[in-house]
Amino acid sequence: MQPAWPHAWYIACRSSELRSRPHAVSAAGQHWVLFRDEAGAVHALADRCAHRGAPLSAGRLCGGQLRCPYHGWLYDGSGRVTEVPALPAGMRPPQAARVPAYTAREQQGYVWVWSGEEAPEHEPHRFANFDAPGWTHFRMRTRFEASVEACLENFLDCPHASFVHKGWFRAPAARTVKVVVRRSSDGAQAEYFDEPRSGSVVWSLLAPRRSAMRHVDRFIAPNVSQVDYAFANGLHYTITSCCTPVQAHETLVHTVVSFRFGRIGPLVRLVFEPLSRLIIRQDVRMLAAQRVNMTRFGASRFVSTRADLLAPHIAAWNAALREGRDPPAVGDEQHAEIRL
Ligand code: FES
Ligand SMILES: [Fe+2]
């Protein structure tokens, strides 16, 4: 059967959630049990005991290995059974006694899992500007009743902000803005030139009034979005969202907001973090309403215009990865204009 989601790195949990107990995670159509061995390294196995199918996540850790709660089979981080308690001493577990293991990585405070049993094709996404001096960051975890594709389109779509976040993040200025869209080796990006930023709460609090701004939205296939605002005076924001599909229309989004505000960064965070949560809740409500309506009307085709800049790239990448085709090639620049 064709997997519902492409094999990729997905954030399974935060590092802080994985301590001395096994941790169950359902993502990308799979059910994993995550645990740490005695050295603290993370491991991910299928959460189903090879013996009679009990959930390994209901078991416990013994010397850095995972013991099934039903008959006590013991698993190492590679998914191999190292002990069957009911067998007489000296008798080894059968060769077939193992469960699928998935590659796991711990990086920048998250545990990532590669959703295929094969070796990963690359490393997980690294959050830009995460630990750099002068930068502050905070994390958000948001549950959306929407597909990964719907979430990414929303995060990388400027026109919705004038309506869903009217007055908070963007106010309709009805100015035509130039945009350059480029296909890259790992997705696509849109760069906006001279966009309006007056009349919104966020920009009046968090942006310099006169400094020039560079704004680039990036889709990093198949499940990451990055929004980057850099000002000529050194102020800089990078907002990265990593989507983990839970079910077809349920996505857990881990967002890292990094910004360079120098020493007063922690103070700025006191305003910025609650504002960001307010704005993301507006998207949660909009996407939930969209989802309910799609259920009522059925999955019909959408009508797009040239103002839907990155959505076609997101759709093309995901279709290619799901169907096992080559991803879209690196392409020419496309120049567009949209009104914001
Ligand atoms: S079901 Fe796990 S040991 Fe029997
Ligand atoms: Fe939004």
**Residue list for the stretch 96-112, restricted to those being aliphatic (A, V, I, L, M) and either in contact with a strand residue (DSSP E or B) (Cβ under 6 Å, 6 or more places away or on another chain) or within 21 Å of S16 (Cβ to Cβ) (or both)** = A97, V99, A101, A104, V111
**Message:** For the structure I just gave you, tell me whether I280 is within 21 Å of R170 (Cα to Cα), assigned by TED's automatic domain parsing to the domain that holds V227 and among the β-branched types (V, I, T).
**Reply:** yes
**Fill in**
Requiring at least 1 residues that are acidic (D, E) and at pLDDT 90 or above, the helices (runs of 4 or more DSSP H) wholly within the stretch 118-215 are 148-155
**Prompt:** Does the stretch 40-52 include one or more residues that are near ligand 1 (Cβ under 10 Å from one of its atoms), closer than 18 Å to A104 by Cβ and crowded, with 19+ Cβ neighbours inside 10 Å?
**Reply:** no
**Message:** Please go through the stretch 145-177 and give me each residue that is within 11 Å of ligand 2 (Cβ to nearest atom) and either within 20 Å of G29 (Cα to Cα) or touching a helix residue (DSSP H, G or I) at 6+ places or on another chain (Cβ under 6 Å) (or both), ordered by number.
**Reply:** C151, E153, N154, V164, H165, W168, F169, R170
**Check on G77, among the small types (G, A, S), under 29 Å from the mean Cα position of the chain (by Cα) and away from ligand 2 (no atom under 16 Å from the Cβ)** = yes
**Message:** Of the residues D228, D283, only one is part of a strand (DSSP E or B) and either of a type in the set (V, I, T) or buried (at least 19 other Cβ atoms within 10 Å of the Cβ) (or both); which?
**Reply:** D228
**Boolean, D186 is under 30 Å from W114 (Cα atoms) and assigned by TED's automatic domain parsing to the domain that holds E149** = yes
**Request:** Determine whether the stretch 177-186 contains at least one residue that is crowded, with 16+ Cβ neighbours inside 10 Å and in contact with a Ser or Thr (Cβ under 9 Å, 6 or more places away or on another chain).
**Result:** no
**Fill in**
Residue hits (the stretch 73-110; within 12 Å of ligand 1 (Cβ to nearest atom), surrounded by 15 or more Cβ atoms within 10 Å (Cβ to Cβ) and not in a strand (DSSP E or B)) are W73, V84, P93, A97, V99
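The values are calculated or read from the model by the stated rules, or taken from the named source; none is laboratory data. Predicted model only: the values in this text are computed from it and were never measured. Neighbour counts are summed over all protein chains in view; Cβ atoms, including those assigned to glycine, are modelled from backbone coordinates with ideal geometry.
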